[in-house]
């Protein structure tokens with residue numbers, strides 16, 4: 001039998017809660033086989049494990065779960081890869097632009113904090129000298 005995994009196996013491997021894995025399943029990202037009474041036991045395939053790994057990678061890149069699912073589904077299908085790769089480039093470019101914008105905002109805020117720190121240190125030095133002289 002091919003490699004299979006329980007929900008606990010995947011939760012431990014990827015440092016996730018079983019609830020998170022069930023959520024990804026509800027989103028259609030994972031499709032475990034159901035075994036046992038009432039289909040209560042989930043059995044995840046190597047394909048599910050790979051899809052979970054790709055989902056987590058997509059999340060780290062800032063993609064929504066819907067975007068992640070769309071891209072993973074494209075890779076999962078036997079169609080021509082050129083449109084898939086073009087779509088992925090568009091998504092990556094959009095997220096890069098968003099991250100660069102956030103970085104610029106953070107740098108501006110950091111500069112402002114540094115200015116206030118410098119001004120506060122100057123005021124503190126003056127207040128300390130006045131207190132010592134007084």
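The values are calculated or read from the model by the stated rules, or taken from the named source; none is laboratory data. Only a predicted model underlies this, so the values are computations on that prediction, with no experimental measurement involved. Cβ: placed from backbone, ideal geometry, glycine included. Neighbour counts: every protein chain shown.
Checking each residue in the range 9-30 for being touching a helix residue (DSSP H, G or I) at 6+ places or on another chain (Cβ under 7 Å) and more than 11 Å from residue 52 (Cβ to Cβ) picks out 17, 18, 27, 28.
Checking the conditions here, which among 107, 100, 67 is part of a helix (DSSP H, G or I), closer than 29 Å to residue 22 by Cβ and either in contact (Cβ under 8 Å) with a residue 60 or more places away in the chain or not assigned by TED's automatic domain parsing to the domain that holds residue 29 (or both)?
Only one candidate passes the filter, namely 67.
For the range 31-64: of the residues being part of a loop (DSSP other than H, G, I, E, B) and touching a helix residue (DSSP H, G or I) at 6+ places or on another chain (Cβ under 9 Å), which is surrounded by the fewest Cβ atoms within 10 Å (Cβ to Cβ)? The qualifying residue surrounded by the fewest Cβ atoms within 10 Å (Cβ to Cβ) is 64. Applying the set (1) touching a strand residue (DSSP E or B) at 6+ places or on another chain (Cβ under 7 Å); (2) farther than 24 Å from residue 21 by Cβ to residue 49 leaves exactly one unmet item: (2).
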